[in-house]
Ligand code: CP
Ligand code: NVA
């Protein structure tokens, strides 16, 4: 029984999962491998893509998904994580959780008898990173380019650092002082990148980071849970907007990526996210294909 809480949990299996995702996308697997299996989906935060893609993914694989908002289950009223995990394990074959605190998902996975799949925590967003790398593979056929992340060193950035290191793609992160990715994750990413002959750069210099990039990625400045710091964050991150002028420093065939939802005029200009270099809708579609591969891998 395995769980997917971090990209490190699938460190050596990423190429295999991506191949499986492509097979699903191309309609090459028509069987219903998860027939009679049920996925519980606990959401402590809002979601459009994660919820719908997991639910549709389970249906397409022949199984079912149950949406459990935190307001509707007893855990939201204080029922212990351990009791919830043990009880749900008797009903369902896997549990997807979008949680406020990463540690809660770790505890959930220790108490559960079925696989736990993270649908985002404050620390990581592994399923997003898988869909993103699938998108990069589709656009460029290989991982030889430079992946640049601009903005807040948040959950999405942490998983991107790890996945790039695992597949040996060079990654540069440009963020203001105080908004760097998680320290432990940087250490892990550096170690893994070294094994795969790629590099990890963390800098405050956005122009240096974007120069010669093949992918320019950003995410919101105020993540779910950071709302109290809204004013401070917008001020600190102001110079880190991805706009046309910045995109011109990247390679000519560079793509723009964003996990969505996005705020036009903050982390990205409308011109870029709605322009010809934007890959954001392909990325969102790939959540479905990548997660079908994850569900098959972990629940079959
Ligand atoms: N990218 C992403 O996880 O989107 P949702 O918050 O809509 O699930
Ligand atoms: N960093 C964002 C991603 C949303 C999909 C957040 O955590 O709110």
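The values are calculated or read from the model by the stated rules, or taken from the named source; none is laboratory data. This structure is a prediction, so every number in the text was calculated from the model and none was measured. Positions of Cβ are generated from backbone atoms using ideal geometry, with glycine treated the same way; all protein chains shown enter the neighbour counts.
Of all the residues in region 145-170, those that are more than 16 Å from ligand 1 (Cβ to nearest atom) and under 17 Å from residue 131 (Cα atoms) number 10. All conditions but one from (1) within 16 Å of ligand 2 (Cβ to nearest atom); (2) crowded, with 18+ Cβ neighbours inside 10 Å apply to residue 52; the one that does not is (2). Among residues of region 279-292 that are in contact (Cβ under 8 Å) with a residue 60 or more places away in the chain, those with a Cβ under 7 angstrom from a residue that is surrounded by fewer than 19 Cβ atoms within 10 Å (Cβ to Cβ) and outside any helix (DSSP H, G or I), sequence gap 6+ or separate chain, pair up as 284/260. Looking at 189, 254, 236, which is the one that is closer than 23 Å to residue 283 by Cα and more than 19 Å from the chain's Cα centre (by Cα)? Going through 189, 254, 236 in turn, just one is closer than 23 Å to residue 283 by Cα and more than 19 Å from the chain's Cα centre (by Cα): 254. Under 24 Å from residue 182 (Cα atoms) and within 12 Å of the chain's Cα centre (by Cα), is that true of residue 148? Criteria not met by residue 148. Quickly run through region 119-142 and pick out the residues that are at negative phi, within 11 Å of ligand 1 (Cβ to nearest atom) and either surrounded by fewer than 24 Cβ atoms within 10 Å (Cβ to Cβ) or not in a helix (DSSP H, G or I) (or both). Listed by number, the residues that qualify are 119, 125.
Scanning region 37-84 for residues that are at pLDDT 95 or above, in a loop (DSSP other than H, G, I, E, B) and under 24 Å from residue 111 (Cα atoms) gives 37, 44, 45, 63, 73, 78, 79, 80. Could you check, for region 7-27, whether at least one of its residues is over 27 Å from residue 189 (Cβ atoms), within 16 Å of ligand 2 (Cβ to nearest atom) and surrounded by 13 or more Cβ atoms within 10 Å (Cβ to Cβ)? No, region 7-27 contains no residue that is over 27 Å from residue 189 (Cβ atoms), within 16 Å of ligand 2 (Cβ to nearest atom) and surrounded by 13 or more Cβ atoms within 10 Å (Cβ to Cβ).
Kindly check whether there is at least one residue in region 109-118 that is within 16 Å of ligand 1 (Cβ to nearest atom), assigned by the TED database to the domain that holds residue 20 and in contact (Cβ under 8 Å) with a residue 60 or more places away in the chain. Yes, region 109-118 contains at least one residue that is within 16 Å of ligand 1 (Cβ to nearest atom), assigned by the TED database to the domain that holds residue 20 and in contact (Cβ under 8 Å) with a residue 60 or more places away in the chain.
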